[in-house]
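The values are calculated or read from the model by the stated rules, or taken from the named source; none is laboratory data. Quick caveat, the model's predicted, so the values are computed rather than measured. Note that we place each Cβ from the backbone using ideal geometry, even for glycine, and neighbour counts take in every protein chain shown. Surface areas here come from the heavy atoms of the whole protein model, side chains and all, with no ligands, DNA or RNA. Shrake-Rupley method; radii C 1.70, N 1.55, O 1.52, S 1.80 Å.
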Amino acid sequence: MCFGRCARCIGYKLLVLALLSIVANILLYFPNGETRFASEHHLGKYVECLHGILGGGFLVLIPAAVFIGLHNDDCCGCFGHEDCGKSCAMLSSVLAAFIGILGSGYCIIISALGLSHGPYCFTRLERNWMYPFTESSGGYLFEYNKWSACQEPHNIVQWNVTLFSILLVLGGIEFILCFVQIINGILGGAFFPSCGTCGH
């Protein structure tokens, strides 16, 4: 059982997912590639929560870096006792995984709230900037005929639904991978320390 090799595999996957989360969150700031809505402060409150940049991004990059670096087994400097160093390295990865759990969990929650709340847009009926779908509690997601209520930004409902859904999925996968590493780290660090990280 090569627990360290498994952790490094998870680390590389988290690295890719974190970078994708950052990109998706940045795109939320620029509907249709336009910058004026951000500069005019016409973005939804959940867009500005940095859930993909901070939560699913940087807070997940921390465990990704730790998992990828697990080939440096002797993190504790255990006086030449190889198994102790490997055990410490694996158990330290559990702490890093908890950071990833927090970050990805934050990304999941904000993405779900963003989908439920709906976009902030200029509406045709009210002729004002508002959240036209707040009262629907996410029901608008299946009522495509109502999406045209948002006049500006153009296609903002599709833009928000797509990107918040992507961030929700990315956060979910990150959460699962970090949870798997918690189990992997505990098994590799506490129950099978002699297996350690199985080298490179």
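In region 92-121, the qualifying residues are those that are of a type outside the set (S, T, N, Q) and farther than 22 Å from Ser165 by Cβ, and the one that is surrounded by the most Cβ atoms within 10 Å (Cβ to Cβ) is Ala97.
Within region 67-90, can one find any residue that is at pLDDT below 80, out of contact with any helix residue (DSSP H, G or I) (no Cβ under 6 Å at 6 or more places or on another chain) and acidic (Asp, Glu)? So far as region 67-90 goes, yes, one or more of its residues are at pLDDT below 80, out of contact with any helix residue (DSSP H, G or I) (no Cβ under 6 Å at 6 or more places or on another chain) and acidic (Asp, Glu).
Once region 134-151 is narrowed to residues that are in contact with a helix residue (DSSP H, G or I) (Cβ under 8 Å, 6 or more places away or on another chain) and touching a residue at least 24 places away in the same chain (Cβ under 8 Å), the residue that is farthest from His42 (Cα to Cα) is Leu141. Taking the condition of being open to solvent by less than 60 Å² (accessible area, probe 1.4 Å) and either outside any helix (DSSP H, G or I) or at pLDDT 95 or above (or both), how many residues in region 1-10 meet it? Residues that pass the stated criteria total 1.
All conditions but one from (1) open to solvent by 60 Å² or more (accessible area, probe 1.4 Å); (2) more than 30 Å from Phe133 (Cα to Cα); (3) modelled with pLDDT of 95 or more apply to Val60; the one that does not is (1).
Looking only at residues in region 122-152 that are of a type in the set (A, V, I, L, M, F, W, C) and open to solvent by 70 Å² or more (accessible area, probe 1.4 Å), the one that is farthest from Phe175 (Cα to Cα) is Leu125.
Condition check ((1) in a loop (DSSP other than H, G, I, E, B); (2) among the hydroxyl-bearing types (Ser, Thr, Tyr); (3) within 19 Å of Asn155 (Cα to Cα)) across all residues:
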| site | (1), (2), (3) |
| --- | --- |
| Val16 | no, no, no |
| Ile22 | no, no, no |
| Leu27 | no, no, yes |
| His41 | yes, no, yes |
| Gly44 | yes, no, yes |
| Gly52 | no, no, no |
| Ala65 | no, no, no |
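Here's a check for you: in region 18-57, which residue that is crowded, with 22+ Cβ neighbours inside 10 Å and polar (S, T, N, Q) is farthest from the chain's Cα centre (by Cα)? Ranking the qualifying residues of region 18-57, first place goes to Asn25.
Which one is surrounded by the most Cβ atoms within 10 Å (Cβ to Cβ), of the residues in region 153-187 that are free of Cβ contacts under 8 Å to residues at least 12 places away in the same chain and within 11 Å of Leu17 (Cβ to Cβ)? Across region 153-187, the extreme among qualifying residues is Val169.
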